[in-house]
Structures are given as structure tokens and as C-alpha cells.
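Trainee: Next up is a structure, given as C-alpha cells.
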Amino acid sequence: MPAIATTGSLTELLSEMGAGLLLETLRGLEAGSLQPVPQDDALATQAPRLAKAQGRLDFTKPAAELERQIRAFEPWPGTFFTFKGETIKVRGAVIGPAAPGGAAVGEVVSSEPFAVACGSGGTILFTTLQREGKRLMPASEVLRGFHIQPGSRLYRRDQRKFRRGEEGGAFFRARDTRLEAFAAPREE
């Protein structure tokens, strides 16, 4: 099996292998050289149904885990992140080098190649992306028309960060790369 196989490419490969094995098995059963063996149902497992929401990338995970998730979820349910309110599908990625010191999880550390800091100090390099309503493109082409600058943060929608303003007068909520200010609660 190729080390970079996706679910789609692996399905195709296994269907070709399975077709040959099926013919060989049928010939063996017809000739009497094979005897059927019942499956032990106690050892069988069922895989849960995948939901599209499971494809959201969580950059707190190590780069190797994200890379495997991207390959495993290609083509369905696919993987994605959001930036400035737009969902960007990730269709290909490789494990990158260690993130530069001080890079926060989910921070874009390079735009050429498109690298994002992950958990455990590594990076994931996105190779193929797809914007909403657009065709599949190399990440470098997507970034020419949709600027995601180094230093930008890619958050999951449920990974909002809260911090107190420097002057203590407001709270800020980081969502994607925008900071939204909220008035600090007044004490009465």
C-alpha cells in the first residue's frame, strides 16, 4: 500500500485486488480446494458513520495525526478549516518541519509553502486546497487570490480565545484573524 494513499485511492486499489481474489476464491470453491469457514461474529466490529463536522481540522493535534486525518477523510467527509468566515477544504497535505519558536498552535508560519503550526511543535504543509464554489487548486494558487498571511491564526469555530484588553476596559474574542471587542462587564 502506498504511504500517501487516501481513502479514495485505497478504495480503488482494494477493489481491483478484491475482484481478482473473488475470481480466485470462486474457482477454488468450484474445484473443492477451498472450504468455507464461518466468521466469528464476536470478533466483528462496526465502524461508526462519519459526519461532515468530523472533518474540521484541530490544529492542537500533532501534524502527523492531521496528515493522516486529511488522507483518511479524502474524499468523504473531507477536511477543512475556516478563515474570515469562509470554509477552505484541504484536499492534500504533508508533514512539515518543526514550527519556529514562539509560533502558536493554528498560526500560519509560512505562505510559500503554506505551513501551519500544530500541536507537539510541528507544522502541516497544505499542498492542495479548494475554496467554496471554486475548483481544486495547489495551495500556492489559492493564496494568490485569497491572502492568508504568516501570523494569521486558523481556529476551529469552537476554539475561540478570550483575553483581557491591555487597559482592562474590554474583552477581546479572537475568531479567525479578527478581534471582536466586547465591553467589559461593569461592576455595580
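The values are calculated or read from the model by the stated rules, or taken from the named source; none is laboratory data. The model shown is predicted, which means the values in this text are computed figures rather than measured ones. When we count neighbours, we look across all protein chains shown, and the Cβ atoms used for this are built from the backbone with ideal geometry, even at glycine.
Trainee: Failed condition for Ala51, given (1) within 30 Å of Ala115 (Cα to Cα); (2) in contact with a Leu (Cβ under 7 Å, 6 or more places away or on another chain); (3) loosely packed, with under 14 Cβ neighbours inside 10 Å, with all others met?
Mentor: Going through the list (1) within 30 Å of Ala115 (Cα to Cα); (2) in contact with a Leu (Cβ under 7 Å, 6 or more places away or on another chain); (3) loosely packed, with under 14 Cβ neighbours inside 10 Å, Ala51 breaks only (2).
Trainee: With respect to the numbered conditions (1) modelled with pLDDT under 95; (2) touching a Cys at 6+ places or on another chain (Cβ under 8 Å), which one is the sole condition not fulfilled by Gln46?
Mentor: With (1) modelled with pLDDT under 95; (2) touching a Cys at 6+ places or on another chain (Cβ under 8 Å) applied to Gln46, the lone miss is (2).
Trainee: For the range 45-57, what are the residues that are aliphatic (A, V, I, L, M) and part of a strand (DSSP E or B)? Explain how you work it out, then say what you get.
Mentor: Kept after step one, since they are aliphatic (A, V, I, L, M), are these residues of the range 45-57: 47, 50-51, 53, 57.
Result: no residue meets the conditions.
Trainee: Now for a separate question. Does Glu16 satisfy the criteria of being of a type in the set (Asp, Glu) and either under 13 Å from the mean Cα position of the chain (by Cα) or surrounded by 15 or more Cβ atoms within 10 Å (Cβ to Cβ) (or both)?
Mentor: no
Trainee: Filter the range 132-153 down to residues that are surrounded by fewer than 16 Cβ atoms within 10 Å (Cβ to Cβ) and among the hydroxyl-bearing types (Ser, Thr, Tyr), then give me how many there are.
Mentor: Selection size over the range 132-153: 1.
Trainee: Among the numbered criteria (1) modelled with pLDDT of 95 or more; (2) crowded, with 19+ Cβ neighbours inside 10 Å; (3) charged (D, E, K, R), which single criterion is violated by Glu74?
Mentor: It is condition (1) that Glu74 fails.
Trainee: Look at Arg27 and say whether it is within 30 Å of Ala117 (Cβ to Cβ) and among the basic types (Lys, Arg).
Mentor: No.
Trainee: Could I ask something else about it? Looking for whichever is modelled with pLDDT under 95 and either of a type in the set (Phe, Trp, Tyr) or assigned by TED's automatic domain parsing to the domain that holds Gly133 (or both) here; the options are Ala93, Ala103, Ala64. Which one fits?
Mentor: Checking each option against the conditions leaves just Ala103.
Trainee: OK, next. What tally of residues in the range 138-170 results from selecting those that are modelled with pLDDT of 85 or more, assigned to a strand (DSSP E or B) and more than 17 Å from Glu107 (Cβ to Cβ)? Let's see the steps before the verdict.
Mentor: First pass over the range 138-170, keeping only residues modelled with pLDDT of 85 or more: 138-154.
Checking the rest, the ones that are also assigned to a strand (DSSP E or B) come to 138, 153.
Okay, now just the ones that are also more than 17 Å from Glu107 (Cβ to Cβ), so 138.
Of the residues in the range 138-170, 1 are modelled with pLDDT of 85 or more, assigned to a strand (DSSP E or B) and more than 17 Å from Glu107 (Cβ to Cβ).
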